[in-house]
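Okay, so here's the structure we're looking at.
Each value in this text was obtained by applying a stated rule to the coordinates, not by laboratory testing. Given the structure is predicted, the values throughout are model-derived calculations rather than measurements. Quick reminder, even Gly has a Cβ in these numbers, built from the backbone with ideal geometry, and neighbours come from all protein chains shown.
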Amino acid sequence: MTNFHIDPTIGFILGRRSVRKFLPNAVIPEMVTTLLECAFAAPSAHNRRPLHFIVVDDRATLDALAKAHDSGKAMETAPLAIAVCADTSIMPEGDMAWIEDAAAAMENILIAARALGLEGVWLKVMDRHPREERVTPVFGPPPHVKIVAIAALGYGDEAKDPHRGVNEERIHRNVWG
Ligand SMILES: Cc1cc2nc3c(=O)[nH]c(=O)nc-3n(C[C@H](O)[C@H](O)[C@H](O)COP(=O)(O)O)c2cc1C
């Protein structure tokens, strides 16, 4: 551990944990805007920016998503969800960088949530079957739009320890080995 741990941003990154139980308190619109601003701020390959975001704060829709997503119980209590979606039609043939773009945006959302006193969890959608086929119709996007993942968000109702330390066996210096 280094002195850098006193830096609040480092604390938010290490403190981010997957929280799947939430208090009923709503997330104020200004915070939602900040989460979206952080999502849009993520790096994007060739600056193509293929992402769209669906903000869900309607209880009935959150419940429908929780039912459709086999690992989406978190949305039963979360007052907010943000689906990270990619418009694949703007990508050159065979360019899959929208997946990495979406992952970067998702991580920004989760770290920004932590910084705002919120918690969240990443719920994968794309390429999990039959999950994707069950969840996608709840949103009803056009066929060229992929629902990559959903962030379930809110004030946490469970506490988890922050991450600490590194796995030395997974660190290689200059070359593998
Ligand atoms: C690509 C990806 C997909 C994930 N999908 C799910 C999911 O469908 N349901 C879920 O409860 N958690 C999901 N998670 C959260 C992981 O289970 C979690 O990050 C992992 O257990 C480590 O815990 P931590 O986030 O508290 O560090 C996903 C995480 C990633 C990065």
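Given the options D63, D87, name the one that is more than 15 Å from the ligand (Cβ to nearest atom), among the charged types (D, E, K, R) and touching a Leu at 6+ places or on another chain (Cβ under 8 Å). Steps first, answer last, please.
Working: D63 fails: touching a Leu at 6+ places or on another chain (Cβ under 8 Å).
Selected residue: D87, the only one of D63, D87 that is more than 15 Å from the ligand (Cβ to nearest atom), among the charged types (D, E, K, R) and touching a Leu at 6+ places or on another chain (Cβ under 8 Å).
Restrict the check to the stretch 93-116 and report whether at least one residue is surrounded by fewer than 18 Cβ atoms within 10 Å (Cβ to Cβ), free of Cβ contacts under 8 Å to residues at least 60 places away in the same chain and assigned to a strand (DSSP E or B). For the stretch 93-116, residues surrounded by fewer than 18 Cβ atoms within 10 Å (Cβ to Cβ), free of Cβ contacts under 8 Å to residues at least 60 places away in the same chain and assigned to a strand (DSSP E or B): absent. Taken over the stretch 126-153, the residue count meeting the criterion of being within 19 Å of P79 (Cα to Cα) and touching a strand residue (DSSP E or B) at 6+ places or on another chain (Cβ under 8 Å) is 7. Is it the case, given these coordinates, that P142 is in contact with a Gly (Cβ under 9 Å, 6 or more places away or on another chain) and either basic (K, R) or surrounded by fewer than 23 Cβ atoms within 10 Å (Cβ to Cβ) (or both)? Taking the combined requirement at face value, the residue does not satisfy it. The single condition among (1) crowded, with 18+ Cβ neighbours inside 10 Å; (2) closer than 26 Å to E93 by Cα; (3) within 14 Å of the ligand (Cβ to nearest atom) that V121 does not meet is (2). Within the stretch 102-117, the set of residues being within 14 Å of the ligand (Cβ to nearest atom) and farther than 12 Å from C38 by Cβ comprises A102, A103.
Can you tell me which residue is nearest to the chain's Cα centre (by Cα) among those in the stretch 133-152 that are within 13 Å of the ligand (Cβ to nearest atom) and under 26 Å from L118 (Cβ atoms)? By that ranking, first place goes to A151. Annotation note: Cβ proximity below 8 Å between a residue of the stretch 32-45 that is on the phi < 0 side of the Ramachandran plot and β-branched (V, I, T) and a residue that is assigned to a helix (DSSP H, G or I) and surrounded by 19 or more Cβ atoms within 10 Å (Cβ to Cβ) (sequence gap 6+ or interchain) occurs for T34/A112. The single condition among (1) under 28 Å from R134 (Cα atoms); (2) out of contact with any His (no Cβ under 8 Å at 6 or more places or on another chain); (3) within 12 Å of the ligand (Cβ to nearest atom); (4) touching a residue at least 24 places away in the same chain (Cβ under 8 Å) that M75 does not satisfy is (2).
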